[in-house]
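Engineer: First the structure, then my questions, so here it is.
A short reminder: the numbers here are calculations on the coordinates, not readings from a lab. Keep in mind that this is a model prediction, so the values were computed, not measured. Methodologically, a virtual Cβ is constructed for each residue, glycine included, from the backbone with ideal geometry; neighbour enumeration extends over all protein chains shown.
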Amino acid sequence: MSRAPTPLRIRLSVALYRRLLRVAFPPSFLEGRSQEMVEMFRDRATGGGRPRGAPGLASLWVRTLADLARHGGAEWMGELTGPGPAPFSGLGSDVRQAARALVADRSFTAVAVATLALGVGANTAVFSVVDATLLRPLPYPEPDRLVAVSRWDGPSAARASFSYPDVADLATAQSTLEGLAPYSERWVTVQAGEVDLSLKATAAPPELFRVLRVAPASGRVYDEAPPERPGLFAVVSARVAASLPGLAPGAAVRIDGTTHTVTGVMPSGFDFPDGTGLWIPLERDSQRNSHGLAAVGRLAPGATAARAEGDLSRIVQALEERYPGRYVQNRARVEPLREYFTETARPILLLLLGTVAVVLVIACVNVTALTLVRAAARRDDLHVRVALGASRARIGRLALMESVLVAAAGAFVGLPVAAWAARALAALAPAGFLRDQPVRLDPRVLGFTLLVAAGAAVLAGLLPALCAARTASLAATASRSRVSHDRRTGLLRSGLVAGEVALAVMLLAGAGLLARTLVNLQRVPLGYEPGTVRAMPVAVRDPGGGEASNADVAIFVNRARERLLGVPGVTAAAAVFTPPTGGIIWRTRVHAEGAPVQPRPDRYLAQFNAATAGYFEAVGIPLVRGRALVDGDREGTMVGVVSETFARTLWPDQEALGRRFTNGEPDQDATWVTVVGVVGDVRNDGLTDEPVGEAYLPYGRGPFANVTFIVDGNWDLPGLTANVREAVRGAQDGVAVPAVVPLSQWVDRGGRTRFGALLVGIFAGLALLLATVGVYGLVGYAVARRRRELGLRVALGARPAGLVRIAVREGLGPATLGSVVGIALALAGGRAIEHLLYGIDATDPLTMASVALLLLCVAAAATAAPAARATRADPMAVLRSE
Amino acid sequence: MSDASDTVESALPLSWVEFHVLLALASEPLHGYGIMLDTEERTGGRVTLEPGNLYRALKRMQERGMVERAERLPEPALENERRRYYCITELGRRVAAAETRRMEELVEMSHARRLADPEGA
């Protein structure tokens, strides 16, 4: 009977179905059935002589695809888990068999588990620190709506702080934030009974707590401070309330010598912005040029940080029009609060994450190598199993299962190591770097560990599993191609050696660059000698509660200095407003007499400091020209001592001594300062930046209300510290002296970089160790396989040294390739650490060459040792043992 | 003959696909499409056996011996067609009978507990 021609759409569908079948079902299922299934599909498509139309065909395809996916998948599952009733019941026996094999081979298992424990543990440790610092959301309601608002100074391309009127203007005119609060931080001295505590305090209006949406656990927040006067209230943190007895709402507490009333205690864990012990009302300083405030805001519903930035920038530009010269090229900058807080930590932490990831890869390569070596030794066992009917898939599965167990054990062992390491990491970090968040192994970190362990299992186990499967199939076909198999294994081994060496070289190059940066940083001249000098920061207030007048401060300072000099054992005593290690900083624009008058924003920005006589000598700042400050400078002509950079900038080709400058407008009311001395620069803007010019005035001659006493003496003398503190305390009622701290403790010689360098160095060292072990193992095995040949050659008279040389040359081949690749990787990735380097290029040839050479030497040693051992062995014993 | 009854017992309970296949093949050998059509007709369109589903069941039942590839085609005229026919085996019939009895017992119990018709008294 004739049939109508099948429509094109049916023919295409059938062809497509045939192809899909081949993918959806395992070959073993399709044998003898695929044709039937295709026929059945065609029958349905052309059901009863009536071919389906497009809609009918489409609905058939929907059902067909579901059928292919569901049942094809199920057949594949059945195929992979081997013959047996249920898909997962085979898993249990696989695990048991793998575990038995691992326990039987204890030394391999121990080394493999230890290696992976190291790799997984290191990754977990670093990740938990990253989690605590970068990932964990801030502990406030809806934390992702909180933003940090700062002023962006166009000319210096950096963030700048606000003044109170700035923030007030912004808050009134803006429309994208539902709250904006300024704040500033400083260290204060808190007295409770006989105890003086040095605490971080944050001055902020009550609006701050509204923006953050956190209420006190007991009591309430204070009200807004009255204009131009400090509000004498405080809110304390839970931590401080716990450590100082009696601090409850209503209690009195002395802060910097002034009595405040506690209005509330915050819930535990709250310490905005970072480690704050108490909050006090912010003074509403109406001076528009008195900066120093940061600001935090909460985005209004629907607003974005970008829109807020645009809105606030417009307001800043409007301010420039109202007050020309104060906001030249200024904009606003609005950033998510967490990003703002973690800006310095983020690049270093990410670098560390990358470093440990590389260490893990090296660890996995090691375990792969170990597994391959072990598999080669168990080849006969494998052949027997194949002969008894084990399928290729099953052999591969067992190998993978062993690797999974090793990885799981490694993760298990690695977790306590990670917990310890994470805490050690957090302790090593410079203060405030990691935002003081407690580092713990929370679910996210554990999930990460699981992921890493799984990745390690796959990475370390896939290659051996595939090799095992291939070996099984070769054995099954009784192939005589052992030679080509060996060659392929040899290539594999060389590849692994090259890979490990490359990764180790890359890490070591990074570590080397960072180490040299640290050395460079150590060599940067501080400009002063911390020596045995100790510092005592003191805040002076008028006992009535207001600001002490300049004259009062000067009187206090000099009285205290006299008393200090009278303490037996003290060899030097002085006072300074801004110690060389930083603290309260006052920078303002100066104008040199006789120079052409420029608009204020274009004038030179210099740092103004106050010091007593004896300061430069006490701290070791060299006097270059002229004289230092003396007691008599408190009165008479206004004189000052300037730093070299200051002198060089204002008077480039002339002698600065005798010249005058002012920080106000150069009109007839200006106060001119005459330069009487030039001293050396102090690195006051960080170790790696050019120092800012500094001018030192006598106390009493400017708004210098903070004092740090600099004292040097015979600190071994018992009671000296107590006497020193008493000397200062006795100079004025109610002055609190919290601590006498060695100046050297405050010196930050690149703490951030040191932290990064230390850790990268540790991990690079780990990588080197692992790579050495790995290369040694891989090459050692290769040499061991040739023991017979080597033994023969020695027996036939070959010189052992010559054989060792040959072996080393062979081993160095892949190591050299690895070094070259490693250097290339290091050069390519140099940009990642560029921002951490100082005084050295990311492509420094000396470092690269040294590292490559080091690895080659290590590889040569790792090759020579087993080779030498093999040639030393008694040839007859070797021949007999084969 | 405990051996044989053990084999029958171990095949129970049948999956619904397997039972429909046995029902379809009870009267005559069929090929895959035929089994599907028969089942659709018998259940009034409620049950459609997709090829993947059907052939997996056929493979299982072949391995257990309840179904086998037909040695002879039902109609010599169909010899030219490239189709494979399946027919039920003796074991298959016994398994179908045992399954039917099992379900009958369950239905009886359901009636006794008045679960069969929750609406009625």
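Engineer: Could you tell me what fraction of 2.2 N^0.38 Å the Cα radius of gyration of region A:511-630 comes to, as a two-decimal ratio?
Structural biologist: 1.38
Engineer: Largest first and to the nearest Å, give the Cα extent of chain A along each principal axis.
Structural biologist: 119, 87, 59
Engineer: If you don't mind, another one. How do A:CYS364, A:CYS467, B:CYS87, A:CYS857 line up, fewest other C-beta atoms within 10 Å first?
Structural biologist: Least to most surrounded, the residues fall as A:CYS857, B:CYS87, A:CYS467, A:CYS364.
Engineer: For region A:311-470, what's the relative contact order in percent, using C-alpha pairs closer than 8 Å and at least 6 residues apart?
Structural biologist: Reported as a whole number, the value is 35 percent.
Engineer: On to the next question. With n ≥ 4 as the cut-off for DSSP H runs, can you work out [θ] at 222 nm for chain A, using -39500 (n - 2.57) per run divided by the number of residues, rounded to the nearest 500?
Structural biologist: Taking each H run of at least 4 residues, the total per residue is -17000 deg cm²/dmol.
Engineer: What do you get for Rg/Rh over region A:618-693 if you use C-alpha atoms and the Kirkwood form of Rh?
Structural biologist: Numbers: Rg = 13.3 Å, Rh = 13.5 Å.
Rounded to two decimals, Rg/Rh equals 0.99.
Engineer: Can I ask one more? Counting C-alpha atoms alone, how compact is region A:17-75: give Rg to one decimal and Dmax as a whole number, in angstrom.
Structural biologist: 12.0, 34
Engineer: With labels modelled as points extended 7 Å from the Cα through the Cβ direction, what inter-label distance (nm, one decimal) is found for A:LEU491 paired with B:LEU106?
Structural biologist: So the two model labels end up 5.9 nm from each other.
Engineer: Next question, about the same structure. How well do other chains shield peptide A:30-43, expressed as the mean number of their Cβ atoms within 10 Å of each residue Cβ?
Structural biologist: 5
Engineer: Given R₀ = 41 Å, what would the calculated FRET efficiency be for A:GLU562 paired with A:LEU605, taking r from the Cβ atoms and rounding to 0.05? The partial results should precede the final answer.
Structural biologist: On the way: r = 35 Å, r/R0 = 0.86.
Here the calculated transfer efficiency is 0.70.
Engineer: Once you put a point 7 Å from the Cα of A:GLN97 and another 7 Å from the Cα of A:ARG523, both along the Cβ direction, what distance in nm separates them?
Structural biologist: 6.3 nm
Engineer: May I ask you to evaluate 6.51 cos²θ - 1.76 cosθ + 1.60, the Karplus curve with θ = phi - 60°, for each residue of region A:845-850 and list the ³J(HN,Hα) values in order in whole Hz, giving x for glycine and proline?
Structural biologist: Computed from phi, the couplings for region A:845-850 are x, 4, 4, 4, 5, 4 Hz.
Engineer: What average number of partner chain Cβ atoms lie no more than 10 Å from the Cβ of the residues making up B:43-54?
Structural biologist: 5
Engineer: Semi-axes of the equivalent ellipsoid of region A:296-343: what are they in whole Å, largest first, if each equals the square root of 5 times a C-alpha gyration tensor eigenvalue?
Structural biologist: Semi-axes, largest first: 23, 13, 7 Å.
Engineer: Against the longest alpha carbon principal axis of chain A, how many degrees, from 0 to 90 and to the nearest 10, is the axis of helix A:392-428 turned?
Structural biologist: With both axes taken from Cα atoms, the answer is about 10 degrees.
Engineer: Moving on to the next point. By how many degrees, 0 to 90 and rounded to 10, does the Cα axis of helix A:8-24 deviate from the longest principal axis of chain A?
Structural biologist: Compared with the principal axis, the helix lies near 80 degrees.
Engineer: Sort all Cα-Cα distances of region A:219-360 into consecutive 5 angstrom bins from zero, then give the percent of pairs in each bin up to the one containing the longest distance.
Structural biologist: Cα pair-distance distribution for region A:219-360, in percent: 2, 8, 11, 13, 13, 14, 13, 11, 8, 4, 2, 1.
Engineer: Arrange A:ASP681, A:ASP667 by Cβ neighbour counts within 10 Å, fewest through most, would you? Could you put the intermediate results ahead of the total?
Structural biologist: Details: A:ASP681 22, A:ASP667 8.
Listing A:ASP681, A:ASP667 from fewest to most nearby Cβ atoms yields A:ASP667, A:ASP681.
Engineer: Just how far, in whole angstrom, is region A:340-390 from region A:447-462 if you go by their alpha carbon centroids?
Structural biologist: 8 Å
Engineer: While we're looking at this one, here's another question. Quick one: helix A:164-173 against the long Cα principal axis of chain A, what's the angle to the nearest 10°, folded into 0 to 90?
Structural biologist: With rounding to tens, the tilt is 60 degrees.
Engineer: Hey, fewest Cβ within 10 Å first, where do A:ASP442, A:ASP733 land in order? Provide the component values of the computation, followed by the final result.
Structural biologist: Values: A:ASP442 13, A:ASP733 8.
Final ranking by Cβ density, sparse to dense: A:ASP733, A:ASP442.
Engineer: A follow-up question, please. Could you work out how far apart the two model spin labels at A:GLU194 and A:ASP841 are, taking each label as a point 7 Å from the Cα in the direction of the beta carbon, and quote it in nm?
Structural biologist: So the label points at A:GLU194 and A:ASP841 sit 6.4 nm apart.
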